[in-house]
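The structure appears below as structure tokens.
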Amino acid sequence: MIRLRSVDKEYDGRKVLRNLDLQVDAGEFLFVTGPSGAGKTTLLRLLYAAERPTAGEVWVGGERVDNIARARLPGLRRKVGVIFQDFKLLRRKTVLENITFVLRFHGLSPREAHRRAYLVLKRLGLHHRQSALPDALSGGEQQRVAIARALAYQPRLILADEPTGNLDADLAGELLSLLCDINYQGATVILATHDNSLLESIPARAIVLHGGAIHYDGTWPP
Amino acid sequence: MIRHALAEGWLLLRHRGLVSLFLALALAIPIGLAGVTLSVMRWLEPAVGTVDRANVVAVLLHPHMGDAQRAAWLGSQRRDHPEWRLEVVAPEQLAQRLIHWFPYLKDLLERDGGAMLPPLVEITTAVPESVAVLERSPAVIAVGPRTPLTSLLGRVSRGLGIALAAASVVLLMSAVLLAAVWVHLELYRHADEITIMRLVGATESTIRGPFLVATAAPGLVAGALAALGTSAVVEALSGMAEVLGLPGLTVSPGLLAAQAGAGVVLPLAAAVITLMRHAAVDDE
């Protein structure tokens, strides 16, 4: 599903990722952890081609994405559900529209997009806020809308960047169980977090990044 | 995604209603001015034409003159005025030249279908005023424009036409620039949204469509306003001309269609270029 080969990433001469080799199989659940600045977000951004590596190769779903043409980016990003750390919701659109908007890119009719968006909101307990604008929601609610948007079109790969950062322990647990369900249905999930309690809540593979290099790769807890 | 472009374009228009209206007016005025200028210049063509042929005087001969009489008359004029160069206008050019020199005959010529066109002679001379002597000749019906005033009118008409055309071009360029700046500002205002749309898989056409709709809509209004304005102004000018006994002005349907098209195409082209240059930003 995912393969990184000798990947380096530099910002202004500062190495954020160093000679990274990683393989993630289809249907796997992977935690990416490490201290702040370890390169977790950069690693995820490489996978949906928001960044290009300084050196090395990045393959996602059999497609090389480190040198992907701009015209092919939408196609790649429609295969990947990304849960952003800062939510990235459209401020002028309602909660429901934020989700239907993306579903329409996937060729769903307005009616079907509306139905599916409502169902995913209901699953996340947000259906009663479907007409609210993002700015009227709490941080946790906005986070759940971002999650709903990423899950609505049932992608085969889900990248979650600190998805529980704005959620209380109960909601974080619910989210994790939701991601586990999706993973159980066959989707590959990569979840970046520095929350050790989250890692300990389910047995799964984890990689620990430190200074841009993999320090540990195996089942968590070690 | 057409529905998306229309819906989002409408939102852009609604949020920037006054600017859109201003853009429509800024486009309509020069397009309308250009249309009026073209119509008036077409009407003034005979007068303007005299500037380039200031030394040519048209002389209209009696239609019942026979070929022999006409040849004799021409011979006598060549003898009496060796400084004149006389040319009989060929039959196939006659109708066009008659309208050129004597626009007030247009209706008559169109009504009679040129069944009995009077012979026309063009006289080239360094002193056009000297041709006035022919007005007394029984063979002559009329002598065409030849005074310095006519020439002055022609020059003024041509100068006015050039000035109006230049003003139209300058105003039009300003309006097109305004459309481009408007799109640029809207891109800047929606930069975050565009970034998010790209990150969730929106195609470039999805991102750019609303901006094109929001630019084409004022353009459509501008084109319609310009065409309507041109028709109204030309109609008013035509009424004034007819009061003065001059032939009326007309505006061609092709010109109106061109105005409507220009209203949409010009701002749209500005928007496309601006989007190509500035919408292709990095993800973050």
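Of the residues making up the stretch B:206-224, those that are closer than 26 Å to B:Leu255 by Cβ and crowded, with 24+ Cβ neighbours inside 10 Å are B:Thr215, B:Pro218, B:Gly219, B:Ala222, B:Gly223.
Can you confirm whether A:Leu176 is surrounded by 19 or more Cβ atoms within 10 Å (Cβ to Cβ), more than 14 Å from chain B (Cβ to nearest Cβ), out of contact with any Asp or Glu (no Cβ under 9 Å at 6 or more places or on another chain) and assigned to a helix (DSSP H, G or I)? So A:Leu176 passes the test. When only residues in the stretch A:78-100 that are touching a His at 6+ places or on another chain (Cβ under 8 Å) and more than 8 Å from chain B (Cβ to nearest Cβ) count, which is modelled with the highest pLDDT? Out of the qualifying residues, it is A:Leu96. For the stretch B:110-150, taking the residues that are of a type in the set (A, V, I, L, M, F, W, C) and modelled with pLDDT under 80, the one that is farthest from B:Asp67 (Cα to Cα) is identified as B:Leu149. Can A:Ala49 be described as of a type in the set (A, V, I, L, M, F, W, C) and away from chain B (no Cβ under 11 Å)? No, not satisfied. For the stretch A:193-209, the count of residues that are closer than 20 Å to A:Thr94 by Cα and among the hydroxyl-bearing types (Ser, Thr, Tyr) is zero. Restricting attention to the stretch A:119-139, the residues being buried (at least 18 other Cβ atoms within 10 Å of the Cβ), of a type outside the set (Lys, Arg) and in a helix (DSSP H, G or I) number 3. Per the listing A:Gly37, A:Gly75, the residue uniquely within 14 Å of chain B (Cβ to nearest Cβ) and either under 30 Å from A:Pro221 (Cβ atoms) or in a helix (DSSP H, G or I) (or both) is A:Gly75.
Number of residues in the stretch B:235-260 that are within 15 Å of the chain's Cα centre (by Cα), among the aliphatic types (A, V, I, L, M) and in a helix (DSSP H, G or I) equals 6. As a summary of the residue check, A:Ser6 satisfies the conditions (1) among the small types (Gly, Ala, Ser); (2) crowded, with 16+ Cβ neighbours inside 10 Å; (3) within 30 Å of A:Pro222 (Cα to Cα) except for the one numbered (2). When the stretch B:234-279 is examined, which residues are found to be free of Cβ contacts under 8 Å to residues at least 12 places away in the same chain and either within 29 Å of A:Ile68 (Cα to Cα) or within 14 Å of chain A (Cβ to nearest Cβ) (or both)? Of everything in the stretch B:234-279, those that are free of Cβ contacts under 8 Å to residues at least 12 places away in the same chain and either within 29 Å of A:Ile68 (Cα to Cα) or within 14 Å of chain A (Cβ to nearest Cβ) (or both) turn out to be B:Met276, B:Arg277. Pairs linking a residue in the stretch B:117-131 that is free of Cβ contacts under 8 Å to residues at least 24 places away in the same chain to a residue that is buried (at least 21 other Cβ atoms within 10 Å of the Cβ) and assigned to a helix (DSSP H, G or I), with Cβ atoms under 8 Å and 6 or more positions apart or on different chains, do not occur. Counting the residues of the stretch B:14-47 that are touching a helix residue (DSSP H, G or I) at 6+ places or on another chain (Cβ under 8 Å) and within 14 Å of chain A (Cβ to nearest Cβ) gives 1.
Can you find a residue that is under 17 Å from A:Leu159 (Cα atoms), within 13 Å of chain B (Cβ to nearest Cβ) and at pLDDT below 95 anywhere in the stretch A:1-15? No, the stretch A:1-15 contains no residue that is under 17 Å from A:Leu159 (Cα atoms), within 13 Å of chain B (Cβ to nearest Cβ) and at pLDDT below 95. If the condition is being without any contact (Cβ under 8 Å) to a residue 40 or more places away in the chain and among the aliphatic types (A, V, I, L, M), then the stretch A:85-107 contributes only A:Leu96. Does the stretch A:152-165 contain at least one residue that is out of contact with any strand residue (DSSP E or B) (no Cβ under 6 Å at 6 or more places or on another chain), surrounded by fewer than 20 Cβ atoms within 10 Å (Cβ to Cβ) and closer than 25 Å to A:Ala38 by Cβ? Checked the stretch A:152-165: at least one residue is out of contact with any strand residue (DSSP E or B) (no Cβ under 6 Å at 6 or more places or on another chain), surrounded by fewer than 20 Cβ atoms within 10 Å (Cβ to Cβ) and closer than 25 Å to A:Ala38 by Cβ.
The values are calculated or read from the model by the stated rules, or taken from the named source; none is laboratory data. These numbers come from a predicted model, not from an experiment. FYI the Cβ positions are ideal-geometry reconstructions off the backbone, even for glycines, and counts take in every protein chain you see.
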